[in-house]
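> Please find one structure pasted underneath; my questions will follow.
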Amino acid sequence: MSSSSCTKSILPSLIFSSSSSTSSETKSSKSSNLSFLNSNTFGIIPNNIKLSHANSQQRCFMVNSVLKTVDQTKQTNNVVSVNDENEKPTILVSEKLGEAGLQVLRQLGNVECAYDLSPEDLCKKISSCDALIVRSGTKVTRKVFEAGKGKLKVVGRAGVGIDNVDLQAATEFGCLVVNAPTANTIAAAEHGIALLAAMARNVSQADASLKAGKWLRSKYVGVSMVGKTLAIMGFGKVGSEVARRAKGLGMNVIAHDPYAPADRARAVGVELVSFDQAITTADFISLHMPLTPTTNKVFNDNTFAKMKNGVRIINVARGGVIDEDALVKALDSGIVAQAALDVFTEEPPAKDSKLVQHENVIATPHLGASTKEAQEGVAIEIAEAVVGALNGELSATAVNAPMVAPEVLSELAPYVVLAEKLGRLAVQLVSGGSGIQSVKVVYRSARGPDDLDTRLLRAMITKGIIEPKKKKK
């Protein structure tokens, strides 16, 4: 789907066919299933559209030379712009959000804050909302998207993890999901280090003991962190920040992350190792992985059995990555000497939870992002992401759209409007006929054929082809 020649920029061109019949070459060619397009948004187009990239030669147009014929009206780089509507969008905030973020939202639309909604109440409200902002406590299920009836355009997750949002359902219903992955990074990393130090020196237990009128210096002898090996499981934004701070404490830091680039780890002074090597050699293990079907209860009886006797575990990621019953058994047997947990499979955990009540466990109520600075930063970051998405702007934090690195996004951005208008032009050129049957997109660049992710441009060309112009009221 790419072509390379010596030109100075990335220039997409479009070839399409309006023939009512398709060649055998077209039928056997590779197709793109563009299921993220919403039929309710775009009108008559079904959710799943397959556009062939076959080289159909009938009625071909090279549009590079006729760009001046593209509509030059006030159309801008809007994917799904609510600002074309006369009425303001409605934005539902279902969990507490900082005032700074609410002010950003109010500049665009009508903001309704409704906390502690039951699933039924959320479904009732969502049918009149254009956007929904949640934290980790609200479950945005398929039923929520069904209740949205196509009006719900954006879901914003105020934080990093998106395991409480049904991404597949969001994609099927044409709803963009954005998160706030950077604002609370430092806060989460600092909390991880705080739990690490508190666990190593028995701070929580000693504090409770002293407040109970006891003086047990000999009971709460801790362990030193310097020279010990810390395994970081998940070397993303938070994990890498924990690594930097742990190195400052004199720890030997290793990490496991199948997606982390080795050069980024080396820059921090961290060695990337296999999962088994990480858990079998570590004195401390700090978890920073997302909760996915692959990582669900990845720390279980078998995993704990491979660890060093007396290992210590910190979790400020997601509770579901640990089998909590297995962890209790590992604590009782001494395989795991201590655990410091900020997250749990069920939040809040049961009052009689054996894990929370265990004497060798330090527990905090999901405080990883709970600093004043992080809360304000997350509120502003997610508010800006939601407002940008509602205005149709490119989002670097979209989690169910083609993921484009920031540096690539900056290079592609000037061509996004062009790509959409090429698609619109293609529709105009075949108006009155049988319509477009196949599309081939060719990219010419000084780069190599596979040296740039052009999925975003392809998506915008497709949008231009299938989205009818909105009628002005």
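> Would you mind telling me which numbered condition in (1) under 30 Å from Ser445 (Cα atoms); (2) outside any helix (DSSP H, G or I); (3) in contact (Cβ under 8 Å) with a residue 24 or more places away in the chain Ile314 fails?
Here Ile314 meets the rest and fails (1).
> Among the residues in the stretch 224-241, are any among the basic types (Lys, Arg), in contact with a helix residue (DSSP H, G or I) (Cβ under 6 Å, 6 or more places away or on another chain) and either assigned to a helix (DSSP H, G or I) or open to solvent by less than 80 Å² (accessible area, probe 1.4 Å) (or both)?
Yes, because at least one residue in the stretch 224-241 is among the basic types (Lys, Arg), in contact with a helix residue (DSSP H, G or I) (Cβ under 6 Å, 6 or more places away or on another chain) and either assigned to a helix (DSSP H, G or I) or open to solvent by less than 80 Å² (accessible area, probe 1.4 Å) (or both).
> I need the full set of residues from the stretch 203-212 which are open to solvent by 20 Å² or more (accessible area, probe 1.4 Å) and either outside any loop (DSSP other than H, G, I, E, B) or under 26 Å from Phe284 (Cα atoms) (or both), in order please.
Selection gives Val203, Ser204, Gln205, Ala206, Asp207, Ala208, Leu210, Lys211.
> Quick one: count up the residues across the stretch 397-427 that are open to solvent by 50 Å² or more (accessible area, probe 1.4 Å) and modelled with pLDDT under 80.
5
> Also, quick follow-up: Limited to the stretch 242-294, what total is found for residues that are among the aromatic types (Phe, Trp, Tyr) and open to solvent by less than 60 Å² (accessible area, probe 1.4 Å)?
So the count comes out to 2.
> Among the listed residues Ala278, Ala255, Ala326, which satisfies the condition of being at pLDDT 95 or above and assigned to a strand (DSSP E or B)?
Ala255
> Let me ask another. Among what's in the stretch 121-141 and is touching a Ser or Thr at 6+ places or on another chain (Cβ under 9 Å) and open to solvent by 50 Å² or more (accessible area, probe 1.4 Å), pick the residue that is modelled with the lowest pLDDT.
Gly137
> Moving on. Hand me the list of strands (runs of 3 or more DSSP E) wholly inside the stretch 81-191 holding 2 or more residues that are free of Cβ contacts under 8 Å to residues at least 40 places away in the same chain, outside the structural domain of Ala317 (by the TED database) and not hydrophobic (A, V, I, L, M, F, W, C).
Where strands (runs of 3 or more DSSP E) fall fully within the stretch 81-191 and carry at least 2 residues being free of Cβ contacts under 8 Å to residues at least 40 places away in the same chain, outside the structural domain of Ala317 (by the TED database) and not hydrophobic (A, V, I, L, M, F, W, C), they are 110-113.
Conditions tested, residue by residue: (1) of a type in the set (S, T, N, Q); (2) within 19 Å of Ser224 (Cα to Cα); (3) outside any helix (DSSP H, G or I).
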| position | (1), (2), (3) |
| --- | --- |
| Ile285 | no, yes, yes |
| Met289 | no, no, yes |
| Pro293 | no, no, yes |
| Asn302 | yes, no, no |
| Gly320 | no, no, no |
| Asp332 | no, no, no |
| Ala339 | no, yes, yes |
| Val343 | no, no, yes |
| Pro349 | no, no, yes |
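> Could you check the stretch 301-322 and list, in sequence order, the residues that are of a type in the set (S, T, N, Q), more than 15 Å from Val160 (Cβ to Cβ) and open to solvent by less than 40 Å² (accessible area, probe 1.4 Å)?
Once the filter is applied, which keeps residues that are of a type in the set (S, T, N, Q), more than 15 Å from Val160 (Cβ to Cβ) and open to solvent by less than 40 Å² (accessible area, probe 1.4 Å), the stretch 301-322 yields only Thr303.
> Any residue in the stretch 386-394 that is within 18 Å of Arg455 (Cα to Cα) and over 29 Å from the mean Cα position of the chain (by Cα)?
No, every residue in the stretch 386-394 fails to be within 18 Å of Arg455 (Cα to Cα) and over 29 Å from the mean Cα position of the chain (by Cα).
The values are calculated or read from the model by the stated rules, or taken from the named source; none is laboratory data. Not measured: the values here are computed from a predicted model. Heads up, the Cβs are rebuilt from the backbone with ideal geometry, glycines too, and the neighbour counts pull from every protein chain shown. With ligands, DNA and RNA removed, areas are computed over all heavy atoms of the protein, side chains included. Shrake-Rupley method; radii C 1.70, N 1.55, O 1.52, S 1.80 Å.
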